[in-house]
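Visitor: The structure follows.
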Amino acid sequence: YGTLPSRRALKNSRLVSQKDDVHLCIMCLRAIMNYQYGFNLVMSHPHAVNEIALSLNNKNPRMKALVLELLAAVCLVRGGHEIILAAFDNFKEVCKEKHRFERLMEYFRNEDSSIDFMVACMQFINIVVHSVEDMNFRVHLQYEFTKLGLEEFLQKSRHTESEKLQVQIQAYLDNVFDVGGLLEDAETKNVALEKVEELEEPLSRLTEKLLDLENENMMRVAELEKQLLQREKELEVVKVCWAAVGAVGSGEGGCVDREDIGTVGTGTRGREGLQAAGCWGCHPHGTPAQGPQHGDWVAQELMTPGSGGSGWAQDMSPCPGGAELAPTLLAAIRIKKPIKTKFRLPVFNWTALKPSQISGTVFSELDDERVLEDLDLERFEELFKTKAQGPALDLVCAKSKAAQKVATKVTLLEANRAKNLAITLRKAGRSADEICRAIHTFDLATLPVDFVECLMRFLPTEAEAKALRQYERERKPLEELADEDRFMLQFSKVERLPQRMAIMAFLGNFAENIQMLTP
């Protein structure tokens with residue numbers, strides 16, 4: 001006030017009312033607060049916001065709307081909410097209100113002719129009540145306005161013709177906390193939780209029962225599988241024996257007829273069939289044998305555990321000709337000798353079949369010796385020998401020796417990743433130096449795009465690079481590292497490796513991508 005001209009000077013220059021002075025001040029403050037610097041000055045002034053709030057004591061509804069817009073803007077900035085509440089506490093004290101916001105609500109109810117003021121007032125109330133994060137404080141502010149009759153007035157004003165006012169009223173009603181409803185929900189939730197607790201015990205009992213039933217069923221399935229396996233083994237033995245009997249029957253003496261063999265398995269009738277054929281206990285040349293020799297071996301071989309002596313083996317008498325069956329039966333399940341080679345050859349990554357699993361596969365009829373007669377083994381070995389050569393290896397123990405050899409090397413990579421990297425590098429047939437040089441020069445002639453894309457899966461991870469650098473920093477011998485780790489160490493040193501690899505893949509696929517995209 002000290003800087004303003006005197007009242008007399010104002011009257012002399014221009015006749016203005018006090019109302020116009022206040023309105024002009026609010027307009028000026030609004031213009032100042034449009035800029036950050038001015039806004040901060042107003043916010044930091046000890047009385048500015050209080051004076052703006054007191055300007056609501058004015059008959060001009062348009063000016064009151066302007067005041068409320070300014071106060072709403074202050075309320076939305078950090079720390080502004082507390083300043084606004086302090087300003088209305090000051091308003092209550094100056095204007096001798098019984099309750100805070102009492103005069104504001106009085107204006108709101110009575111100024112129903114000015115829609116702009118009502119919209120500004122409703123917007124201000126929305127911001128004051130619902131911009132608070134603390135739910136309890138929010139309910140407290142909401143109750144202040146409820147005591148002053150806000151909710152009743154809003155219910156009456158819901159169907160106003162002003163769309164803007166409808167939006168503000170609906171926003172308030174949508175965000176109101178219904179404490180009674182929340183209390184009912186909490187009680188319902190507590191009842192539901194109690195019910196859940198009651199049901200948990202029978203549920204856990206049922207779960208246990210279900211687990212017991214599942215375990216029981218799994219045990220039954222395991223038992224049945226075991227029995228099935230046993231029966232399959234018995235069947236294999238019977239098949240082998242039948243094959244042996246067939247081999248004897250079709251031998252030089254020709255003493256067993258196929259039709260008669262078909263009757264074996266029917267007990268006494270089977271014996272009669274064999275006796276009728278004249279071969280029950282005969283030598284290969286048809287001369288009858290004198291007395292029992294090795295027939296018991298056949299019976300014992302066929303009487304497998306759990307079979308209960310089923311089939312024709314149960315009734316079988318000692319067979320003098322059984323001595324001829326034994327070597328034939330053994331030949332049927334003979335384990336083949338491993339073939340020793342001059343050079344070290346690649347080993348198949350497979351699991352060998354058990355003798356009982358060979359029947360019905362290509363290996364049961366494969367004659368290794370005959371194959372070796374037809375095959376030029378020296379040429380074969382020359383073509384397929386591995387690069388690392390030592391003394392000739394027995395192929396059966398090659399894997400175990402290789403495993404022992406690998407075990408002596410230090411590996412910092414994860415086992416599966418190292419194995420896959422080794423396979424990828426073997427396909428390339430290039431040394432680490434050649435590969436890294438090709439990456440440096442983007443040489444797609446040396447490294448085809450397919451190999452580049454495969455190699456991109458093995459870009460060193462942060463953990464791998466750290467482990468390799470640590471190993472190198474400790475000055476440990478690089479020769480002790482596995483081949484894959486040595487490659488990865490050199491690979492990780494290529495500058496901007498991921499970007500180079502991505503560029504190579506892009507260059508390599510460029511022509512194909514153009515061809516695909518052109519149509």
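The values are calculated or read from the model by the stated rules, or taken from the named source; none is laboratory data. Predicted model only: the values in this text are computed from it and were never measured. Counting neighbours? That spans all protein chains shown, and the Cβs are built from the backbone with ideal geometry, glycine included. Quick note on the areas: whole protein, heavy atoms, side chains included, nothing else; ligands and nucleic acids left out. Shrake-Rupley method; radii C 1.70, N 1.55, O 1.52, S 1.80 Å.
Visitor: Full-extension gain between F137 and E201, please, as 0.36 nm times their residue separation minus the C-alpha to C-alpha distance.
Guide: Stretched fully, the F137-E201 segment lengthens by 18.9 nm.
Visitor: So how do V129, V221 rank on accessible area, 1.4 Å probe, biggest first, that is with the largest at the start?
Guide: V221, V129
Visitor: Hey, what D do you get for region 7-176 in µm²/s if you plug the Kirkwood alpha-carbon radius into Stokes-Einstein at 37 °C and 0.692 mPa s?
Guide: This corresponds to a translational diffusion coefficient of 194 µm²/s.
Visitor: Within 10 Å of each candidate Cβ there may be at most 11 other Cβ atoms; applying that plus a DSSP loop requirement, which GluC sites (Glu not before Pro) in region 71-168 survive?
Guide: The qualifying sites are E133, E161.
Visitor: Viscosity 0.890 mPa s, temperature 25 °C: Stokes-Einstein D of region 415-517 from its Kirkwood Cα radius, in µm² per second?
Guide: Taking Rh from Cα pairs, D becomes 169 µm²/s.
Visitor: List every residue whose amide H lies under 5 Å from the amide H of V410, counting only residues 5 or more places away in sequence or on a different chain, with H placed 1.01 Å from N in the peptide plane.
Guide: Sorted by chain and number, the residues that satisfy this are L481, A482.
Visitor: May I pose another question? Assuming a ≥ b ≥ c are the square roots of the Cα gyration tensor eigenvalues, decide whether region 453-500 counts as rounded (a/c under 1.5), prolate (otherwise, with a/b larger than b/c) or oblate.
Guide: Prolate is the answer for region 453-500, as a/c is 1.5 or above and a/b outweighs b/c.
Visitor: Quick one: of K64/K96; K96/K147; K409/K466; K387/K419; K96/K156; K342/K476, which pairs are farther than 25 Å apart, Cα to Cα?
Guide: With Cα atoms farther than 25 Å apart: K96/K156; K342/K476.
Visitor: Can you figure out the FRET efficiency of L85 with E161, using R₀ = 41 Å and their beta-carbon distance, to the nearest 0.05?
Guide: E(calc), rounded to 0.05, equals 0.80.
Visitor: Now for a separate question. For region 415-517, which whole-number percentage of the solvent-accessible area (1.4 Å probe, protein heavy atoms only) is attributable to carbon and sulfur atoms?
Guide: For region 415-517, the apolar C and S fraction of the accessible surface comes to 53 percent.
Visitor: Right, here's the next one. Tell me the accessible surface of K342 in square angstrom (1.4 angstrom probe, heavy atoms of protein chains only), to the nearest ten.
Guide: 140
Visitor: Could I ask something else about it? Lysines near K340 by alpha-carbon distance under 16 Å, same-chain residues fewer than 8 away left out - which ones?
Guide: K340 reaches K385, K399, K401.
Visitor: Here's a follow-up. With a sphere of radius 10 Å drawn around the Cβ of D178, what net charge do the other residues whose Cβ falls strictly inside it have (Lys, Arg +1; Asp, Glu -1)?
Guide: That sum, taken over residues with Cβ under 10 Å, equals -2.
Visitor: To continue, here is another question. Using a simple spin-label model with points 7 Å from Cα along the Cα→Cβ vector, what separation in nm is obtained for A502 and F153?
Guide: 6.2
Visitor: Follow-up. Determine the gain in length on full extension of the stretch L459-L183; use 0.36 nm per residue of separation and subtract their C-alpha separation, reporting nm with one decimal.
Guide: 93.5 nm
Visitor: Another question, if that's okay. Students often forget the sequence filter, so: which aspartates and glutamates lie under 20 Å Cα-Cα from K59 once same-chain residues fewer than 8 apart are removed?
Guide: Counting by Cα, and skipping residues close in sequence, K59 has these aspartates and glutamates nearby: D20, D21, E51, E69, E97, E102, E106, E111, D112, D116.
Visitor: Only loop residues by DSSP count here, and only those with at most 15 other Cβ atoms within 10 Å; note down the chymotrypsin sites (Phe, Trp or Tyr not before Pro) in region 119-185 that meet that.
Guide: Here the chymotrypsin sites (Phe, Trp or Tyr not before Pro) that fit, given the DSSP loop and packing criteria, are F177.
Visitor: Express the accessible area of region 7-176 per residue in Å², computed with a 1.4 Å probe while the remaining protein chains stay in the model.
Guide: Ligands and nucleic acids excluded, the result is 59 Å² per residue.
Visitor: Okay, next question. Using a Debye calculation, one point per C-alpha and no hydration shell, please list log10 I(q)/I(0) for region 155-238 at q = 0.11, 0.13, 0.24 Å⁻¹ in order.
Guide: Each listed q corresponds, in turn, to -0.67, -0.75, -1.06.
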